[in-house]
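Structure first, then comments.
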Amino acid sequence: MPLKLNELIEELREADRQERIELLIDLAKSLRPLPARLEALKDSTHRVEECQSPVFLFVEPADGVLEIHADAPIEAPTVRGFVSLLVEGLSGGTIEEILSVPDDLVDRAGLVEILGMLRVRGLTGVLRRVKREATKAEIGRSEGSGKSAIG
Amino acid sequence: MPETYAHPEVLVTSAWVLDHKSDPKVRIVESDEDVLLYEMGHVPGAVKIDWQGDLQDQLIRDYIGADKFAQICSRCGIAPDTTVVFYGDKSNWWACYAFWAFKLFGHADCRIINGGRKLWVDRNLPLTKEVPHYPATDYKVGESGEKRIRAFRDDVFEHLKAKKPLLDVRSPKEFTGEMLHMEDYPQEGSLRGGHIPGAKSVPWSRAVNDDGTFKSASELKAIYEKEIGLKSTDDVIAYCRIGERSSLTWFVLTYLLGYPNVRNYDGSWCEWGNLVRVPIAKGA
């Protein structure tokens, strides 16, 4: 798992319940806005269907690594916070690093305790989607069409 | 003269909430789908009760027991004669669920803030991050409302045989069986798709306006009575996926239209769609 993501997960894991809630809210607030060119591409092909809220995800190849951009509504702070965690922790990572993220990340971050089982399923879906999009972006790059956003 | 709700007192306005903000007999409760919303800012004086973490048993699929419920009320400064006013996200979907759970334990005076969290925020009404603390109460749980408002799978089976009205409040694609779970929601593990035979499809969202408020009495009657053919004397069971959306429909039929015999089947499709050899219908 990339170092940056590992640090964030450790921080969440070591926090108590209230601190975890505050960390997630801080993450939700710090998600950077989509670049204008991607804002225009927010359509169904970039929407994360596993999420009840409108979450949009873009994975783009850049200089041997993958850049991740995402958007989620502030009215759904849990999913926005988790999306922000993935963007912060994984953007700029290699395909190997992204695929090495454990699938029980949500649990490892101690989020099951604050969210409950039913709510974490959607979040696990976001991680699966990041991995799938990263794989597609990598395949796109190796086929020589690495200049366009693939999602 | 416009038709009024059967029990108009169960819906309160934001102005009423602001007028009662220091009333010790009134407790405001936020219940949301997104568990972080309360911490981002809530109605001043409101406490948080989570449908999952607080009201559901963590081991078996059921609600908490009476002792645990009494502890939660005590912690929130709720006495048996407190007016408990619920609000939340998603058009008060979870607020209605918490309301229904409070009625399971026989709490007398429960109300809903019409428009829920969305309307409150959209009107730029005050929000605070301050978590209030109230003196603990000695809460005695009243007479259980379970028999009147909760249906179990055997009750549904009897209902089905007697051809009594069943309402399926899920989305149209869940009803037809085209989709096993709510669109955009995670799959929650039903092995079969479709609906309980004889159930009529009335998605829960038809009862609410875009601003989160409930539709008027005449609009609701046009849907549930003229279109679906229900009568106020009917014995009705409503269900959805896990009983959350149907608690909103239960609230609408019981309190806004005044039907005395409505039950929520909280086992819902996550139970029925997994039972061996129960009848299932597919298609519209």
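The values are calculated or read from the model by the stated rules, or taken from the named source; none is laboratory data. Quick caveat: nothing in here was measured; it's all calculated off a predicted structure. We place every Cβ from the backbone using ideal geometry, glycine too, and count neighbours over all the protein chains shown. The protein model used for the area step is the full one, side chains on, heavy atoms only, and it has no ligands, DNA or RNA in it. Shrake-Rupley method; radii C 1.70, N 1.55, O 1.52, S 1.80 Å.
Give the residues of segment A:108-119 that are among the β-branched types (Val, Ile, Thr) and facing another protein chain (nearest Cβ under 8 Å), sorted by residue number.
A:Ile114
Does A:Arg20 meet the test of being in a helix (DSSP H, G or I) and either farther than 22 Å from A:Asp104 by Cα or of a type outside the set (Ser, Thr, Tyr) (or both)?
Yes, satisfied.
Among the residues of segment A:11-55, write down those that are farther than 24 Å from A:Gly116 by Cβ and within 13 Å of chain B (Cβ to nearest Cβ).
Passing the criteria: A:Ser44, A:Arg47.
Take residues that are closer than 12 Å to A:Leu24 by Cα and either open to solvent by 30 Å² or more (accessible area, probe 1.4 Å) or touching a residue at least 24 places away in the same chain (Cβ under 8 Å) (or both) and tell me which of the helices (runs of 4 or more DSSP H) falling wholly in segment A:61-119 contain 3 or more.
Because the criterion is at least 3 residues that are closer than 12 Å to A:Leu24 by Cα and either open to solvent by 30 Å² or more (accessible area, probe 1.4 Å) or touching a residue at least 24 places away in the same chain (Cβ under 8 Å) (or both), the helices (runs of 4 or more DSSP H) in segment A:61-119 that meet it are A:77-90, A:111-115.
Taking only segment B:143-167 into account, find how many residues are more than 20 Å from the chain's Cα centre (by Cα) and in a loop (DSSP other than H, G, I, E, B).
Counting residues in segment B:143-167 that are more than 20 Å from the chain's Cα centre (by Cα) and in a loop (DSSP other than H, G, I, E, B) gives 3.
Taking segment B:239-252 as the region of interest, how many residues are surrounded by fewer than 24 Cβ atoms within 10 Å (Cβ to Cβ) and either free of Cβ contacts under 8 Å to residues at least 60 places away in the same chain or away from every other protein chain (no Cβ under 14 Å) (or both)?
1
If we only count helices (runs of 4 or more DSSP H) wholly inside segment B:1-115, which ones have 3 or more residues that are more than 14 Å from every other protein chain (Cβ to nearest Cβ)?
Answer list for segment B:1-115: B:14-19, B:66-75, B:89-104.
Quick one: is B:Leu11 farther than 28 Å from B:Ala151 by Cβ and surrounded by 15 or more Cβ atoms within 10 Å (Cβ to Cβ)?
Here the answer is no, as B:Leu11 does not meet what is asked.
Within segment A:120-137, can you find the residues that are open to solvent by 30 Å² or more (accessible area, probe 1.4 Å) and either within 14 Å of chain B (Cβ to nearest Cβ) or at pLDDT below 90 (or both)?
Within segment A:120-137, A:Arg121, A:Thr124, A:Arg128 meet the criteria.
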